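For reference, the structure discussed in these notes is given below.
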Amino acid sequence: MSGTFARYRLVIIITLLLLGGIVINACLYYRQASDDIRRSIAEQGLPLTGDTIFSEIDQGILRPLSAATLIAHDTFMAAWLQDGETNPALASRYLRAINGRNGISGSFLVSERSRRYYYAGGVHKTVSAGDPQDTWYFRCRDMRRDYEINLDWDMTNGGQATMFINHRMLDEQGRLLGVIGVGLPLPQLSKQLAAYEQRFQRRIYFIDGNGRVMLSSMPTTLPRPRLQELPGLSTLSGAILSGPETPKKLEYKLHGNRYLLSSRFLPELGWHLLVEQNETSALRQLRTAVLTNLAINSAILLLVVMAVLITLQRHQQKLRQLATTDQLTGCLNRLAFLDLLPGWLRHCRRSDAIPQLLMLDIDHFKQVNDRYGHQVGDLLLRETAELLRSQLRGNDLLIRWGGEEFIVLAASYGHDDSLAERLRSIVSRHIMQGAPDKLTITISIGMCLWREPETLESAIDRADQALYAAKQAGRNRVCLARPHSSDSPGSFSEK
C-alpha cells in the first residue's frame, strides 16, 4: 500500500486538491445562490404573491363587502323598516334576490325595533341579549365602524361555518335601524386559498386585529385559532399586530426548517395578510442541483484520474518491461533476475525445495553467426528461448545471461536432472524455423544445486565450470557440478 502511494503520490495529491477545490466551489456557490434565493423570496416573491392574492381575493371578499355596503344604504329597506315592517315577505324576497351573487350563500336583516332576524326563508328568530348566539348583534350595535367581518355558524343554512359581513343600517339622522349583511361559505373560501397555496407553493393567512385567523386553508372549524397559538408564528405575533405600517419581512425557525414571512395590512378588511414560505423547501431544488453537479464533477475528475493512472501504469509497466526484459528473446535480464531472486528463494524455503541453477550455452553459435549472419543468429536465440520456456514450470525463471548464454532457476527436490535433459533434448531435435538448410543446434548445460549459505556468485561459478566441462566433453550434454562442500576443480559428473 505504501509503495503504491509512493508511486502515485503526486497524482493522489493533485486529485485531492482538485476534489477539495470542487467541494469548496460548490459550497461557495450554494451559499451565494441560497442568499440570492432568500433575498428574492423575501423582497420579491412573498410581496408579489401577497399582491396577487389580494387582487384575486377581491371577488371572494371585497365584492360581497361592497354588496353589503350597498344594501345597507338601500332606501327601500330603510323605508320598509321605518314603516313598521308591515309585510315580512318583502324583506324575504329582497334578501332572496341577493343570494347566489358574488359567492354569497345567504343574506340577513335584523331590525333594531322588532329584533326580528329576517332571511330569505322568512323570519328565523328574535334576537335576545340573553342568547349567547346573538352577542354579535349587540356588538354591532355599539361598534364605531360601519361594518365588521365575523366567523360564525349560519343556522339558516344547515349550521355551515360562514364568514358574515355585518353592516349597520342608519336613517337620515344617523339612528340605528338594524344590521344587514351577507354570508360567505367558509369552506369555499378555504378551498380557494388552498388552490392559491398549491399554485404559489406558499402558506397564506388572513389575521384580524386581535390575532384571530380569519381565513386560511386549515380545516374550517370554529372558533378559529389565534396567531398566538400557531407554532412558530406565535413568536412573531407582536411584530405582526404591532400596527398597520409598511409591509414587514419576518422569519422564524421550526423543527429545523426556516420560514420566511411577509406581512401587510389590508385597511379595507382590517386584516393582516401573511404569506409564508418554507425556505428549506425552496432551497431543496438548489441543494439537489448542487449535489448532483458536485457528484458529476467529482465523477468526471475520478474518471480522468483513473484514465491518467491507467496510462501511467501501462507506461510504467512498459518501462519496467524494457528495464527488466531482454528485448530480443523476451527472457528476464540480469536486473530482473537480481530483483526477483530474493522472493524466489523464499518460495523455495517455504516448499522445502533446493534451488537448481542451470547454465546453458548454444554450441557453435559464433560459427552460425559467421556463416548465416546476425539475423539468423537473432532468430536462433529467439527460438531457443521459446523452446526453453515451453519446458519450464510457472515458478521457474529463464534469464538471458549474455550473448548465447542462458540461466534457468528451478526448484529441485533432489538430484533431479530431468529438466536439464529435457531442455537439451528438445533443442537438439528442433529444426529452426526460417533458418536455411534445415538448421539444427545443440546446447551444453552446466547444472548445480545451490544450498545456503553458498553465495549466488559461487553457485554461478560452479555452474559455469560444469558448463565448461560439458563443452570440453564434446558439447550437447549436461554436466552436474559436485556439491559445494566437496568442490574441487574438474570434479564434475557427466549425464
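The values are calculated or read from the model by the stated rules, or taken from the named source; none is laboratory data. These figures come from a predicted structure and were not determined experimentally. Heads up, the Cβs are rebuilt from the backbone with ideal geometry, glycines too, and the neighbour counts pull from every protein chain shown.
Taking the options 377, 330, name whichever one is in a helix (DSSP H, G or I), surrounded by 14 or more Cβ atoms within 10 Å (Cβ to Cβ) and in contact with a helix residue (DSSP H, G or I) (Cβ under 9 Å, 6 or more places away or on another chain).
377
Here residue 410 passes the criteria (1) closer than 18 Å to residue 348 by Cα; (2) among the hydrophobic types (A, V, I, L, M, F, W, C); (3) touching a residue at least 60 places away in the same chain (Cβ under 8 Å) except the one numbered (3).
Restricting 320, 314, 287, 371 to those that are in a helix (DSSP H, G or I), charged (D, E, K, R) and under 26 Å from the mean Cα position of the chain (by Cα) reduces the list to 287. Total residues in segment 229-256 satisfying the condition of being under 39 Å from the mean Cα position of the chain (by Cα) and among the polar types (S, T, N, Q): the figure is 3.
Scan segment 352-363 and tell me whether some residue there is farther than 24 Å from residue 426 by Cα, out of contact with any strand residue (DSSP E or B) (no Cβ under 8 Å at 6 or more places or on another chain), surrounded by fewer than 13 Cβ atoms within 10 Å (Cβ to Cβ) and at pLDDT below 90. Yes: segment 352-363 contains one or more residues that are farther than 24 Å from residue 426 by Cα, out of contact with any strand residue (DSSP E or B) (no Cβ under 8 Å at 6 or more places or on another chain), surrounded by fewer than 13 Cβ atoms within 10 Å (Cβ to Cβ) and at pLDDT below 90. Residue 259 meets the conditions (1) under 33 Å from the mean Cα position of the chain (by Cα); (2) part of a loop (DSSP other than H, G, I, E, B); (3) surrounded by 15 or more Cβ atoms within 10 Å (Cβ to Cβ) in every case but one. The failed one is (2).
Based on this model, can you work out whether residue 169 counts as surrounded by 14 or more Cβ atoms within 10 Å (Cβ to Cβ) and at pLDDT 90 or above?
Details: surrounded by 14 or more Cβ atoms within 10 Å (Cβ to Cβ): yes; at pLDDT 90 or above: yes.
Considered against the rule, which asks whether it is surrounded by 14 or more Cβ atoms within 10 Å (Cβ to Cβ) and at pLDDT 90 or above, residue 169 comes out as yes.
Restricting attention to segment 107-120, does a residue exist that is of a type in the set (Gly, Ala, Ser) and at pLDDT below 90? Scanning segment 107-120, I find no residue that is of a type in the set (Gly, Ala, Ser) and at pLDDT below 90, so the answer is no.
Here's the yes/no breakdown for (1) basic (Lys, Arg); (2) under 21 Å from residue 223 (Cα atoms):
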{"site": "87", "(1), (2)": "no, no"}
{"site": "92", "(1), (2)": "no, no"}
{"site": "97", "(1), (2)": "no, no"}
{"site": "101", "(1), (2)": "yes, no"}
{"site": "115", "(1), (2)": "yes, no"}
{"site": "128", "(1), (2)": "no, no"}
{"site": "133", "(1), (2)": "no, yes"}
{"site": "147", "(1), (2)": "no, yes"}
{"site": "150", "(1), (2)": "no, yes"}
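The set of residues from segment 131-156 being more than 22 Å from residue 62 (Cα to Cα) and buried (at least 17 other Cβ atoms within 10 Å of the Cβ) comprises 134, 156.
Counting only residues that are surrounded by fewer than 19 Cβ atoms within 10 Å (Cβ to Cβ) and either in contact with a His (Cβ under 7 Å, 6 or more places away or on another chain) or of a type in the set (A, V, I, L, M, F, W, C) (or both), segment 473-485 holds 1 of them. Looking across segment 440-472 at every residue that is touching a residue at least 40 places away in the same chain (Cβ under 8 Å) and surrounded by fewer than 20 Cβ atoms within 10 Å (Cβ to Cβ), the one that is farthest from residue 484 (Cα to Cα) is identified as 442.
For segment 172-213, which residues satisfy the criterion of being in contact with a Lys or Arg (Cβ under 7 Å, 6 or more places away or on another chain) and at pLDDT below 85? Walk me through it before giving the result.
Step one: list which residues in segment 172-213 are in contact with a Lys or Arg (Cβ under 7 Å, 6 or more places away or on another chain), which gives 176, 179, 197, 211-213.
Scanning segment 172-213 gives a single hit, 197.
For the subset of segment 66-83 comprising residues that are among the small types (Gly, Ala, Ser) and in contact (Cβ under 8 Å) with a residue 12 or more places away in the chain, which member is surrounded by the fewest Cβ atoms within 10 Å (Cβ to Cβ)?
Among those residues, the one meeting the criterion is 78.
Where strands (runs of 3 or more DSSP E) sit wholly within segment 145-219, those with at least 2 residues that are under 19 Å from residue 69 (Cβ atoms) and touching a residue at least 12 places away in the same chain (Cβ under 8 Å) occupy 147-154, 160-170, 176-185.
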